[in-house]
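What follows is a set of notes on a single structure, which appears directly below.
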Amino acid sequence: MNTYVKFGLLSAVVVGTLGWLAVGGINETKTYFKTIPELNKMGDQAQVKRLRVTGYVQPGSVIHEGHDVKFTLVENEGGSNEGLHLAVVYNGTDPLPDTFKDHAQALADGKLDTTGVFHANKIQAKCASKYEATVPKVVKPADSSI
């Protein structure tokens, strides 16, 4: 065989393999960001896709059971936590964030099972008061009359 043909075939195999690995990696790491109502509208598709679901931690719902942490996300934050609810089980290796507590806005990354329980392997949480901008104080210049 001609040297150019061998080099061309080898190059095509290498480029094809790299393309196949890139497409496979993108499909495996693709995550869909959803709210609880959007998750309910997905139907069976919610069980086969990797999802990130946002909501508020329902007060009194955080339960530590061995390695797992169970809690409930609610759609609307407030005194009564009205709206749709989602049961979540976190079994990731990272510790829960310090800001993960009752009423905190949380983001769970994982998959929904057939019973409607969301199995998260990553949790992010924020405390709204911690990230609010502070209002700078206005200092009036001293009246200097000569």
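Some notes on this structure:
- Between Asp94 and Asn121, the simple spin-label model (points 7 angstrom out along Cα→Cβ) gives 1.3 nm.
- Here the 3J(HN,Hα) profile of segment 60-72, calculated from phi with Karplus coefficients 6.51, -1.76 and 1.60 at θ = phi - 60°, is x, 9, 7, 10, 9, 10, x, 7, 8, 10, 9, 7, 10 Hz, Gly and Pro shown as x.
- Footprinting exposure proxy for Tyr56, Tyr90, Tyr32 (fewest neighbouring C-beta atoms within 10 Å first): Tyr32, Tyr56, Tyr90
- Neighbourhood net charge (14 Å Cβ-Cβ; Lys/Arg +1, Asp/Glu -1) for Met42: +3
Rule-based calculations on the coordinates, nothing more; no lab input. Note that the structure is a prediction, hence the values are computed from the model and not measured. Please note: Cβ atoms are built from the backbone with ideal geometry, for glycine as well, and neighbour counts cover all protein chains shown.
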